[in-house]
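These notes concern the structure reproduced below.
The values are calculated or read from the model by the stated rules, or taken from the named source; none is laboratory data. Because the structure is predicted, anything quoted here is derived from the model rather than measured. Note: ideal-geometry Cβ built from the backbone for every residue, glycine included; neighbour counts use all protein chains shown. When the accessible area is computed, the model is the full protein with side chains, heavy atoms only, and any ligands, DNA or RNA have been set aside. Shrake-Rupley method; radii C 1.70, N 1.55, O 1.52, S 1.80 Å.
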Amino acid sequence: QNAVDAYRQAVDLTPDGHPDKPIRFSSLGNGLSRRFERLGEVAAFEDAIDAYRQAIDLTPDGHPSKASRLNELADVLQICFALMGQLDDLDSAISAIQRATTIDPSDAIFLHNTGNAFRARFESLGDFKDLEISITAYGKAVDITPTGHINRTLFLSSLGNALCFRFSRVHRLDDVEEAIRI
């Protein structure tokens with residue numbers, strides 16, 4: 001609790017318009033997210049979402065941290081969707097991660113998170129367009145991640161799982177063959 005209180009104080013003591021105010025909100029969001037993960041306080045989760053949104057709103061377009069802050073918001077909204085099942089949270093996560101990938105289309109983490117969000121929506125709504133977007137995003141994440149990079153195995157695994165998932169639904173043999181090649 002003390003860390004979150006310190007983050008709140010830092011936000012409150014940073015004047016409006018100060019260039020560090022967005023990072024203070026982002027730090028508060030991180031602290032509140034950790035509190036939720038550790039203690040399960042739903043209010044902390046809702047406050048984390050609000051803090052991330054404040055950080056994004058205060059971060060000017062073109063700022064190098066804008067995409068990362070959008071990604072943080074998308075992460076917390078996806079967790080919220082997984083726990084609460086509200087499609088609005090997932091749609092908001094998709095919107096945030098799409099904005100992040102528009103800003104920085106070469107960030108493999110953003111692409112992977114895009115794949116996760118669209119796959120979750122496919123699993124909820126069954127729209128194959130979402131699964132296709134997911135597979136494309138995972139594939140791009142793999143393509144831009146060098147061999148030997150620590151995240152490459154995660155990206156490959158996600159792509160392989162999505163291909164096998166699509167195979168189980170539409171029985172395209174190419175999907176299994178591609179998953180095996182990965």
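Some notes on this structure:
- Residue list for the range 1-22, filter: touching a residue at least 24 places away in the same chain (Cβ under 8 Å), in contact with a helix residue (DSSP H, G or I) (Cβ under 7 Å, 6 or more places away or on another chain) and open to solvent by 40 Å² or more (accessible area, probe 1.4 Å): ALA3, TYR7
- Taken over the range 66-91, the criterion of being at pLDDT 95 or above, farther than 23 Å from GLY139 by Cα and small (Gly, Ala, Ser) is satisfied by no residue.
- Evaluation of VAL142 against (1) surrounded by fewer than 16 Cβ atoms within 10 Å (Cβ to Cβ); (2) hydrophobic (A, V, I, L, M, F, W, C); (3) not in a loop (DSSP other than H, G, I, E, B) (one fails), failing number: (1)
- Scanning the range 37-75 for residues that are assigned to a helix (DSSP H, G or I), open to solvent by 20 Å² or more (accessible area, probe 1.4 Å) and over 17 Å from SER95 (Cβ atoms) turns up GLU37, ARG38, LEU39, VAL42, ALA43, GLU46, ASP47, LEU58.
- Unique match (being more than 20 Å from ILE135 (Cα to Cα) and not basic (Lys, Arg)) among GLN78, GLN54: GLN54
Listed here are the residues, each with its yes/no results for (1) modelled with pLDDT under 95; (2) in contact with a His (Cβ under 7 Å, 6 or more places away or on another chain); (3) more than 21 Å from GLU72 (Cβ to Cβ).
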{"site": "HIS112", "(1), (2), (3)": "no, no, no"}
{"site": "ASP127", "(1), (2), (3)": "yes, no, yes"}
{"site": "VAL142", "(1), (2), (3)": "no, no, yes"}
{"site": "ASN161", "(1), (2), (3)": "yes, no, yes"}
{"site": "ALA179", "(1), (2), (3)": "yes, no, yes"}
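- Residue satisfying all of: in the range 113-132; surrounded by 20 or more Cβ atoms within 10 Å (Cβ to Cβ) and in contact with a Lys or Arg (Cβ under 9 Å, 6 or more places away or on another chain); nearest to ILE49 (Cα to Cα) among these: THR114
- Of the numbered criteria (1) over 17 Å from the mean Cα position of the chain (by Cα); (2) buried (at least 17 other Cβ atoms within 10 Å of the Cβ), the one THR147 fails is (2).
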